[in-house]
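The values are calculated or read from the model by the stated rules, or taken from the named source; none is laboratory data. Every value quoted in this text rests on a predicted model; they were computed, and no experiment measured them. Note that we place each Cβ from the backbone using ideal geometry, even for glycine, and neighbour counts take in every protein chain shown. To get the accessible areas, we keep the full protein, side chains included, count just its heavy atoms, and leave off ligands, DNA and RNA. Shrake-Rupley method; radii C 1.70, N 1.55, O 1.52, S 1.80 Å.
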Amino acid sequence: MGQETLRVLISEDALQARVRELGRKIREDYGEDASITCVGVLKGSFVFMADLVRAIGGNVRCEFLGVSSYHGGTRSTGVVKITHDLQKPVEGQHCLLIEDIVDTGLTMDYLLKMLHVREPASLKVVTLLDKPTNREVGVEVQYVGFTIPDEFVVGYGLDLGELYRNLPYIAVYTP
Ligand code: PRP
């Protein structure tokens with residue numbers, strides 16, 4: 001029998017405090033009166049996004065992109081399939097792409113190129129977690145919650161086989 005363990009990497013309190021900080025900073029940077037179109041990348045970002053949009057406050061639109069990355073073994077291939085597209089045009093809008101984690105950068109690279117073509121007024125990225133160790137393509141990320149080491153993490157939206165997304169903290173999973 002395997003002994004699976006979950007070790008808390010980022011506590012619920014630390015997450016909540018950082019998300020509030022990110023929200024304040026984002027609102028400050030865009031300006032009190034700015035309308036921000038938040039684009040959550042499903043599924044992983046849904047918990048972070050729910051907290052972040054409340055921390056940003058003011059005028060916020062919520063849109064979602066469903067993506068599925070084809071992983072060959074444990075590595076991402078960079079081929080991204082759009083499973084749910086934006087429901088409204090984002091032309092002329094200030095778009096903030098919301099991710100739970102940037103790992104190889106391949107998903108983000110693909111999504112940024114895809115969104116640029118739709119001519120938003122501006123396009124920025126916020127990710128809760130940044131795992132720079134495995135980066136294969138450079139992507140510009142304006143807001144990072146936490147930079148983490150090369151470990152398999154779950155919780156607060158991140159899954160293992162669709163489980164653990166509902167943990168209120170980020171944990172390192174060891175099989
Ligand atoms: C994760 C995460 C990013 C992507 C990052 O999604 O949410 O979209 O991988 O990896 P990359 O930088 O190596 O491209 P995942 O494929 O696990 O799907 P999920 O969000 O539905 O869990």
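Couple of notes before you dig in:
- Filtered GluC sites (Glu not before Pro), the range 79-174: DSSP coil and at most 14 other beta carbons within 10 Å: Glu91, Glu136, Glu140, Glu151, Glu162
- Positive-end ranking of Gln142, Leu163, Phe152 along the dipole of the chain, with charges on Cβ about the Cα centre, is headed by Leu163.
- Separation of alpha-carbon centers, the range 33-51 and the range 86-126, rounded to whole Å: 11
- Accessible-area composition of the range 40-157, carbon plus sulfur, in percent [1.4 Å probe]: 52
- Taking each of Lys25/Lys124; Lys88/Lys124; Lys25/Lys113; Lys25/Lys131; Lys81/Lys113 in turn, the alpha-carbon distance tops 20 angstrom for Lys25/Lys113; Lys25/Lys131.
- Each of Val172, Ala55, His94 was scored by the projection of its Cα onto the charge dipole of the chain, and the greatest displacement toward the positive side belongs to His94; charges sit on the C-beta of Lys, Arg, Asp and Glu.
- Overall form of the chain per C-alpha gyration tensor (a/c, 1.5; a/b vs b/c): oblate
- Per-residue ellipticity at 222 nm, computed for the chain from helices alone with -39500 (n - 2.57) per DSSP H run of at least four residues, works out to -7500 deg cm²/dmol.
- Computed label-point distance, nm, for sites Glu32 and Ser122 using a 7 Å Cα→Cβ extension: 1.7
- For the range 1-48, the per residue solvent-accessible surface stands at 59 Å², with DNA, RNA and ligands left out and a 1.4 Å probe.
- Cα lying deepest toward the dipole's positive end in the chain, options Val19, Leu128, Leu65, charges on Cβ: Leu65
- Relative contact order of the chain, defined on C-alpha pairs under 8 angstrom at six or more residues apart (%): 25
- For the range 94-175, the solvent-accessible area of protein heavy atoms averages 43 Å² per residue (probe radius 1.4 Å; ligands and nucleic acids excluded).
- Cβ charges +1 (Lys, Arg) and -1 (Asp, Glu), total dipole of the range 1-71, debye: 100
- For Val60, the residues whose amide H sits under 5 Å from its own are Ile36, ignoring neighbours fewer than 5 places away on the same chain, with H placed 1.01 Å from N.
- Summing Cβ point charges (Lys, Arg +1; Asp, Glu -1) relative to the Cα centre of the chain gives a dipole of roughly 160 debye.
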